[in-house]
Amino acid sequence: MGIIKKLPVYAEKIPGGGLVTTSLNSAFTLTQAKSLWYFLFGTACCAIELMATGASRYDFDRLGMIFRASPRQSDLLIVAGTITLKMAPVVKRLYEQMAEPRYVLAMGGCAIGGGPFYYDSYAVLKGIDKIIPVDVYVPGCPPRPEALLQGCLEVGKKIRTLKMDDWS
Amino acid sequence: MTKEELTEYIKDNFSGEPEVIENDQPEPYFIVKAEDVVAFSRFIHDDPKLQMTFMMSLSGVDTGERYEIVYNICSYRLKHRVFFKTILNHEKPEVDTVLDIWPAANWYEREVWELFGITIRNHPNLTRFLLPEDWDEGFPMCKGWVGKDVIPFPERK
């Protein structure tokens with residue numbers, strides 16, 4: 001009911017009729033932002049928090065977020081965990097396999113900038129933004145589920161500001 | 001067998017005269033010459049009073065002056081363990097594989113080869129599996145190794 005009540009903000013109601021008019025852009029971004037299917041990419045302890053957020057206590061489903069095991073069906077890539085140099089080409093390839101429009105959320109210190117493996121490490125990529133563009137960063141080691149939920153809402157907010165022309 | 005009995009039994013029955021390391025640990029600890037590793041492994045694996053059929057771990061060590069390979073072996077049936085290590089020089093670190101005695105040594109030996117550069121002779125599949133496939137910066141677990149992308153830890157003031 002929340003969306004229906006808020007619709008007049010974006011759409012104009014015709015008096016006496018059951019029709020609403022709105023811009024295609026508004027409808028597209030609204031539907032996209034309210035159903036972000038995310039790709040499971042948990043490589044370390046952040047994945048445990050991701051699972052907790054997806055499970056019933058914090059409940060990703062109420063944001064319309066369902067996990068997908070295939071990049072071809074997902075809109076959002078949540079990189080949860082340490083990305084090693086050996087894993088980096090895999091992340092890049094999976095990102096390229098996602099259909100546009102696609103968004104990336106970097107979860108936790110490792111995905112943002114190497115985290116505890118920043119110094120003296122030969123094996124860890126110092127942040128996934130070296131290989132793929134990142135939309136939202138959620139800091140923490142690991143972040144609380146509330147922080148991840150807020151990060152996903154921020155992705156939604158970012159989508160609402162986009163124009164359809166941006167989705168090349 | 002207790003630690004002392006195990007130490008005596010192995011010293012009396014193995015021909016290669018392994019050197020005993022004295023320590024407070026509950027397991028006997030030997031230094032075996034690199035050319036004796038396979039014979040020693042075969043002996044403790046096949047001897048009916050030892051029956052060391054399970055490899056717990058195999059690790060490489062770089063002390064700066066020399067390489068070591070430490071073997072941790074135990075017997076599930078007789079409930080005892082033995083540790084032994086072999087010392088290799090820096091110029092030509094080479095040791096024979098114990099893969100046909102304990103199949104668990106396969107990936108451990110590949111890891112030692114990949115991260116320390118110790119050549120494992122007669123290993124059937126000595127290929128990379130930990131580092132990236134296009135890695136060409138040497139052996140990162142060796143003392144004094146510095147990679148071109150490694151950010152050193154800042155000095156504490």
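The values are calculated or read from the model by the stated rules, or taken from the named source; none is laboratory data. This one's a predicted model, so the numbers in the text were calculated from it and none came from an experiment. Methodologically, a virtual Cβ is constructed for each residue, glycine included, from the backbone with ideal geometry; neighbour enumeration extends over all protein chains shown. The area values use the complete protein model at the heavy-atom level, side chains included, leaving out ligands, DNA and RNA. Shrake-Rupley method; radii C 1.70, N 1.55, O 1.52, S 1.80 Å.
Data overview
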read-out	value
Search result, residues across the stretch A:105-127 that are hydrophobic (A, V, I, L, M, F, W, C) and within 10 Å of A:T82 (Cβ to Cβ)	A:C110, A:A111, A:F117, A:A123, A:V124, A:L125
Per-region count, the stretch A:38-53, residues at pLDDT below 90 and either aromatic (F, W, Y) or part of a helix (DSSP H, G or I) (or both)	1
Scan of the stretch B:113-132 for residues that are within 20 Å of A:L85 (Cβ to Cβ), more than 10 Å from every other protein chain (Cβ to nearest Cβ) and out of contact with any Asp or Glu (no Cβ under 7 Å at 6 or more places or on another chain), ordered by number	B:W113, B:E114, B:G117, B:T127
Residues of the stretch A:48-82 satisfying the condition of being over 16 Å from A:L149 (Cβ atoms) and out of contact with any Cys (no Cβ under 7 Å at 6 or more places or on another chain)	A:R68, A:A69, A:S70, A:P71, A:R72, A:Q73, A:S74, A:D75, A:L77, A:V79
Residues within the stretch B:46-63 that are polar (S, T, N, Q) and either in contact with an Asp or Glu (Cβ under 9 Å, 6 or more places away or on another chain) or assigned to a strand (DSSP E or B) (or both), tallied	2
Which numbered condition B:W135 misses (of (1) away from every other protein chain (no Cβ under 14 Å); (2) assigned to a loop (DSSP other than H, G, I, E, B))	(1)
Contacts under 9 angstrom Cβ, first residue in the stretch B:142-157 being more than 10 Å from chain A (Cβ to nearest Cβ), partner among the aromatic types (F, W, Y), 6 or more apart	B:C142/B:Y67; B:C142/B:F116
Pair list, Cβ < 6 Å and 6+ apart or interchain, from the stretch A:34-46 residues that are crowded, with 22+ Cβ neighbours inside 10 Å to residues that are assigned to a helix (DSSP H, G or I)	A:F39/A:P71; A:C46/A:G108
B:A39, sole failed condition from (1) in contact with a strand residue (DSSP E or B) (Cβ under 8 Å, 6 or more places away or on another chain); (2) part of a helix (DSSP H, G or I)	(1)
Which numbered condition A:A123 fails, given (1) open to solvent by less than 70 Å² (accessible area, probe 1.4 Å); (2) under 17 Å from the mean Cα position of the chain (by Cα); (3) closer than 30 Å to B:L130 by Cβ	(2)
Scan of the stretch A:111-143 for residues that are assigned to a loop (DSSP other than H, G, I, E, B) and either more than 10 Å from chain B (Cβ to nearest Cβ) or of a type in the set (V, I, T) (or both), ordered by number	A:G127, A:I131, A:I132, A:P133, A:V134, A:D135, A:P139, A:G140, A:C141, A:P142, A:P143
Residue satisfying all of: in the stretch A:83-109; away from every other protein chain (no Cβ under 14 Å) and part of a loop (DSSP other than H, G, I, E, B); nearest to A:A123 (Cα to Cα) among these	A:M98
Selection count, the stretch B:71-106, where residues are in contact with a strand residue (DSSP E or B) (Cβ under 6 Å, 6 or more places away or on another chain) and among the acidic types (D, E)	2
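To keep it simple, each residue is scored yes or no on (1) in contact with a strand residue (DSSP E or B) (Cβ under 9 Å, 6 or more places away or on another chain); (2) open to solvent by 20 Å² or more (accessible area, probe 1.4 Å); (3) hydrophobic (A, V, I, L, M, F, W, C).
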residue	(1), (2), (3)
B:M1	yes, yes, yes
B:L6	yes, no, yes
B:S15	no, yes, no
B:P26	yes, yes, no
B:Y29	yes, yes, no
B:M52	yes, no, yes
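Matching residues to (1) part of a strand (DSSP E or B); (2) open to solvent by less than 80 Å² (accessible area, probe 1.4 Å); (3) in contact with a Lys or Arg (Cβ under 8 Å, 6 or more places away or on another chain):
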| position | (1), (2), (3) |
| --- | --- |
| B:E65 | no, no, no |
| B:Y71 | yes, yes, yes |
| B:F83 | yes, yes, no |
| B:V98 | no, yes, no |
| B:W107 | no, no, no |
| B:N125 | no, yes, yes |
| B:K148 | no, no, no |
